[in-house]
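J.: Below you'll find the structure I mean.
The values are calculated or read from the model by the stated rules, or taken from the named source; none is laboratory data. Remember, predicted model here, so these are calculated numbers, not experimental data. Note: ideal-geometry Cβ built from the backbone for every residue, glycine included; neighbour counts use all protein chains shown.
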Amino acid sequence: MHYPSYSYPPSVVLGLAASVVLGGRRSFRGDGQACLARLEPPLHLLGREQLPTGGPALVTFNHYYRPGFSAWWMALALAAVLPQEVHFVMTGELTYPGRWYAPLGQAGSRLLLRRLSRIYGFTTMPPMPPRPQDVAGRARSVRAALAFARAHPQALIGLAPEGGDQPGGVLTRPPSGAGRFAALLAQGRPVLPAGIFEQDGALCIHFGPAYRLQLPEGLAGDERERRAAGAVMAPIAALLPARLRGEFG
């Protein structure tokens, strides 16, 4: 299969490196637009008519993955085409499963991703799948994201419920708690689903109609989580090629 050519503008690389070393804030939307200007072939945007003119909205998308594809490109592409800055909930650590350098890589990634989250004003979340030692940290991250949502009622918030790389980019059910987290973030916000994938040599984003995430009253915890996860993932699956929909196909 032929894949797009991904590259980063020197101005973005140098400017981001300076911010990592010296501090300072950057516009992720601006950096995304600069990166997409170099994308070859250009981004293929489907469902353009679904794009909002502004916030608020919870933008939900799949965590597309293949070897050689950086997950940053999903966020960069979304940020570039949406009408205002997006506050992403991002991973706070890369885990490198099965690699001999995993402990060193994890420690280094924690430092770098923490700095990047400050540069762009994002909220970090411990990596998926959940680990016992991350319970307290995950609770703090959830509280921080919900506090941001309350303090910024017109914000666009970006969330990939799966929270990690999936084999072949095939959609999978989010880890426990992700559905309820999405439902809390969606309070007072429409949900804008997006499917991200590569097809015919191009990077594609397919936006669907915005909707309100509403769950029946009185559901028990596990059932509420199951319903919330399904309600969030099904609209994303509908925007993906059949080969990537997984159990939601």
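J.: Output the residues belonging to the range 95-131 that are among the aromatic types (Phe, Trp, Tyr) and not in a helix (DSSP H, G or I).
T.: Step one: list which residues in the range 95-131 are among the aromatic types (Phe, Trp, Tyr), which gives 96, 100-101, 120, 122.
96, 100, 101, 122, listed by residue number.
J.: Scan the range 174-199 for residues that are charged (D, E, K, R), more than 19 Å from residue 152 (Cβ to Cβ) and touching a Pro at 6+ places or on another chain (Cβ under 9 Å) and jot them down.
T.: Result: 198, single match.
J.: Of everything in the range 49-82 that's in contact with a strand residue (DSSP E or B) (Cβ under 9 Å, 6 or more places away or on another chain) and over 23 Å from residue 124 (Cα atoms), which residue is surrounded by the fewest Cβ atoms within 10 Å (Cβ to Cβ)? Let's see the steps before the verdict.
T.: Residues of the range 49-82 that are in contact with a strand residue (DSSP E or B) (Cβ under 9 Å, 6 or more places away or on another chain), as a first pass: 49-52, 54-64, 66, 69, 71, 73-75, 77-79, 81-82.
Subset that is over 23 Å from residue 124 (Cα atoms): 49-52, 54.
Values: 49: 7, 50: 15, 51: 16, 52: 16, 54: 10.
Filtering the range 49-82 for residues that are in contact with a strand residue (DSSP E or B) (Cβ under 9 Å, 6 or more places away or on another chain) and over 23 Å from residue 124 (Cα atoms), the one surrounded by the fewest Cβ atoms within 10 Å (Cβ to Cβ) comes out as 49.
J.: Condition check: surrounded by fewer than 17 Cβ atoms within 10 Å (Cβ to Cβ) and among the charged types (D, E, K, R). Does residue 138 satisfy that?
T.: no
J.: If you check residue 12 against the conditions, is it without any contact (Cβ under 8 Å) to a residue 40 or more places away in the chain, buried (at least 17 other Cβ atoms within 10 Å of the Cβ) and β-branched (Val, Ile, Thr)?
T.: Yes; evaluated as a whole, the condition is true for this residue.
J.: State all residues of the range 156-207 that are surrounded by fewer than 21 Cβ atoms within 10 Å (Cβ to Cβ), at pLDDT 95 or above and under 30 Å from residue 223 (Cβ atoms); if no residue qualifies, say none.
T.: 190
This table checks each residue for (1) within 13 Å of the chain's Cα centre (by Cα); (2) of a type in the set (S, T, N, Q); (3) part of a loop (DSSP other than H, G, I, E, B).
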site: 150; (1), (2), (3): no, no, no
site: 157; (1), (2), (3): yes, no, no
site: 171; (1), (2), (3): no, no, yes
site: 174; (1), (2), (3): yes, no, yes
site: 181; (1), (2), (3): no, no, no
site: 188; (1), (2), (3): no, no, yes
site: 192; (1), (2), (3): yes, no, no
site: 196; (1), (2), (3): yes, no, no
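J.: Under 9 Å by Cβ, and 6 or more places apart or on different chains, what pairs join a residue from the range 165-193 that is in contact (Cβ under 8 Å) with a residue 40 or more places away in the chain with one that is part of a helix (DSSP H, G or I) and of a type in the set (S, T, N, Q)?
T.: Final answer for the pair search is 192/50; 193/50.
J.: Could you look through the range 24-48, keep only residues that are touching a Pro at 6+ places or on another chain (Cβ under 7 Å) and under 17 Å from residue 202 (Cα atoms), and pick out the one that is surrounded by the fewest Cβ atoms within 10 Å (Cβ to Cβ)?
T.: Out of the qualifying residues, it is 40.
J.: So, of the residues in the range 1-23 that are part of a loop (DSSP other than H, G, I, E, B) and within 23 Å of the chain's Cα centre (by Cα), which turns out to be farthest from residue 201 (Cα to Cα)?
T.: Step by step, filter the range 1-23, then rank; the result is 9.
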